[in-house]
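The values are calculated or read from the model by the stated rules, or taken from the named source; none is laboratory data. Being a predicted model, the structure only gives us computed values, none of them experimental. Cβ placement follows ideal geometry from the backbone for every residue including glycine, while neighbour counts extend to all protein chains displayed.
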Amino acid sequence: MTRHIVTVPGDGIGPDVTREAIATLRKAAMAFGVEITTEEHLIGGASLDTFGVPIREDVLQAAAKADAVFLGAVGGPAWDAQPAALRPEMGLLALRKALGLYINLRPVAVIDELADASTLKREVIAGTDMLVVRELTGGLYFGEPKRIDAIEGGGERAIDTMVYTTAEIRRIAHAAFKAARLRRKRVTSVDKANILATSQLWRRVATDVAVDYPDVALDHMLVDNCAMQLVRQPTSFDVILTENMFGDILSDEAAMLTGSIGMLPSASLGDGPGLYEPVHGSAPDIAGRDIANPIAAIASAALLLRYSFGMEDAAAAVESAIRTVLSQGYRCADVRLGATSVIGTAEMGQRIRAAL
């Protein structure tokens with residue numbers, strides 16, 4: 001069997017970590033009788049520099065025809081002066097929209113060997129195992145109008161619009177409850193219902209959807225309280241369900257429970273091929289220096305095997321290999337605590353593949 005993946009390594013360390021993720025993906029898939037073919041395209045700043053746009057239409061078309069899409073990272077200071085419509089991140093938003101990716105899954109689990117690498121105490125984070133289910137195509141990031149207007153007499157006025165419909169909330173809520181059924185059967189829906197109309201609708205719809213899942217417990221939490229509880233009692237969470245911007249912020253906060261944002265994978269799912277990417281940014285200051293941590297990207301490859309290819313055994317093998325290498329004391333520069341040997345991007349990838 002052959003499966004085809006479109007890769008968009010992007011900017012900064014994106015190409016560095018994508019290289020290791022795809023090599024690991026190939027080896028794991030081949031062990032279970034699946035051959036991987038890849039097709040590489042530009043996105044973000046790399047596409048801007050070459051073509052003048054953050055993503056081209058032919059890339060969107062290629063992605064739509066693939067079995068899955070793997071992304072490295074986009075953006076960086078080199079493109080900060082670009083107008084809003086031409087920022088590198090617009091390429092990622094366009095890709096999400098084109099593929100109908102409305103579900104973002106970010107698993108956050110503290111590995112015992114890395115518990116001391118977190119800025120929080122071991123006794124607070126030990127045993128943390130949560131899944132952030134973030135709505136990905138609505139809210140402030142996509143709402144219209146979105147503009148900056150000049151004000152008569154001087155100055156400017158900026159407008160962003162947060163919009164959610166019942167249908168958008170219902171479909172992401174179903175995704176969260178289905179995920180919870182495979183875990184510890186608890187959903188925490190995060191909103192700002194004491195202030196925002198969109199959150200009031202969100203809370204009503206989430207409550208309605210919960211009726212279809214009598215075996216899953218639902219509780220509601222305001223986003224500010226959730227941010228506090230993530231660092232106070234992270235083990236209390238199972239599945240966190242939330243809208244686009246809240247999920248973006250909270251999942252990055254949760255990433256630090258693991259010791260480094262370089263450890264956190266993600267999967268974006270919806271109507272078409274899934275998109276897989278590490279949560280971390282492009283880190284252009286360390287690009288090409290063989291020091292970026294590829295574990296988040298390799299773990300994202302494991303999610304690709306699980307969700308797009310249905311290869312649970314192969315996904316579990318990759319995740320087990322990551323834990324094996326960490327248990328042997330190997331670390332990248334971002335998580336030095338507990339290390340017996342600090343190694344580079346390529347060697348970490350090689351050791352994980354050797355442990356498969």
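Being surrounded by fewer than 24 Cβ atoms within 10 Å (Cβ to Cβ), modelled with pLDDT of 95 or more and assigned to a strand (DSSP E or B): is that true of THR50 here? When the stated conditions are applied, THR50 does not pass them. Given the criteria in contact (Cβ under 8 Å) with a residue 12 or more places away in the chain and closer than 21 Å to GLU253 by Cβ, does VAL209 qualify? In short, no.
Quick grid of which residues meet (1) of a type in the set (Phe, Trp, Tyr); (2) under 29 Å from GLU168 (Cα atoms):
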| site | (1), (2) |
| --- | --- |
| ALA255 | no, yes |
| PRO265 | no, yes |
| GLY281 | no, yes |
| ALA301 | no, yes |
| VAL318 | no, no |
| TYR330 | yes, no |
| GLY349 | no, no |
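Residue by residue, here is whether (1) at pLDDT below 95; (2) under 26 Å from GLU135 (Cβ atoms); (3) buried (at least 16 other Cβ atoms within 10 Å of the Cβ) holds:
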site	(1), (2), (3)
VAL59	no, yes, yes
LYS65	no, yes, no
ALA94	yes, yes, yes
ALA98	yes, yes, yes
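Looking at LEU25, is it farther than 18 Å from GLY281 by Cα, part of a helix (DSSP H, G or I) and not acidic (Asp, Glu)? Judged against the criteria, LEU25 is a match. Right, ARG289: surrounded by fewer than 19 Cβ atoms within 10 Å (Cβ to Cβ) and within 21 Å of VAL110 (Cβ to Cβ) or not? So ARG289 fails the test. Restricting attention to the stretch 79-92 and to residues that are out of contact with any Leu (no Cβ under 9 Å at 6 or more places or on another chain) and part of a helix (DSSP H, G or I), the residue that is modelled with the lowest pLDDT turns out to be ALA84. Taking the stretch 330-342 as the range and being aliphatic (A, V, I, L, M) and either within 11 Å of PRO294 (Cα to Cα) or outside any loop (DSSP other than H, G, I, E, B) (or both) as the test, the residues that pass are ALA333, VAL335, VAL342. Being under 19 Å from LEU95 (Cβ atoms) and either among the charged types (D, E, K, R) or modelled with pLDDT of 95 or more (or both) is a description that applies to THR18.
Here SER251 qualifies as in a helix (DSSP H, G or I), buried (at least 24 other Cβ atoms within 10 Å of the Cβ) and not assigned by TED's automatic domain parsing to the domain that holds ALA62. Could you grab me the full set of residues in the stretch 309-334 that are in contact with a strand residue (DSSP E or B) (Cβ under 8 Å, 6 or more places away or on another chain) and under 20 Å from ALA73 (Cα atoms)? Across the stretch 309-334, the qualifying residues are CYS332, ALA333. Of the residues making up the stretch 222-248, those that are of a type outside the set (A, V, I, L, M, F, W, C), surrounded by fewer than 21 Cβ atoms within 10 Å (Cβ to Cβ) and under 18 Å from the mean Cα position of the chain (by Cα) number 2.
With respect to being outside any strand (DSSP E or B) and either under 15 Å from the mean Cα position of the chain (by Cα) or aromatic (Phe, Trp, Tyr) (or both), ALA346 falls outside the description.
Could you say whether any residue in the stretch 58-68 is assigned to a strand (DSSP E or B) and farther than 23 Å from LEU250 by Cα? Checked against the condition, which is being assigned to a strand (DSSP E or B) and farther than 23 Å from LEU250 by Cα, the stretch 58-68 yields at least one hit. Across the stretch 4-35, the number of residues qualifying as over 17 Å from GLU319 (Cβ atoms) and over 22 Å from the mean Cα position of the chain (by Cα) comes to 4.
Could you check how many residues of the stretch 254-303 are of a type in the set (Asp, Glu) and either assigned to a helix (DSSP H, G or I) or within 21 Å of GLN350 (Cβ to Cβ) (or both)?
At the first step, the residues of the stretch 254-303 found to be of a type in the set (Asp, Glu) are 271, 277, 285, 290.
When the remaining residues are screened for being either assigned to a helix (DSSP H, G or I) or within 21 Å of GLN350 (Cβ to Cβ) (or both), the result is 285, 290.
So the count comes out to 2.
Contact map, the stretch 47-65: residues that are on the phi > 0 side of the Ramachandran plot paired with residues that are surrounded by 17 or more Cβ atoms within 10 Å (Cβ to Cβ) and not in a loop (DSSP other than H, G, I, E, B), Cβ distance under 7 Å, separation 6+ or inter-chain. No pairs are found. Look through the stretch 309-328, keep the residues that are free of Cβ contacts under 8 Å to residues at least 24 places away in the same chain and assigned to a loop (DSSP other than H, G, I, E, B), and return whichever of them is farthest from GLY274 (Cα to Cα). Filtering the stretch 309-328 for residues that are free of Cβ contacts under 8 Å to residues at least 24 places away in the same chain and assigned to a loop (DSSP other than H, G, I, E, B), the one farthest from GLY274 (Cα to Cα) comes out as GLN328.
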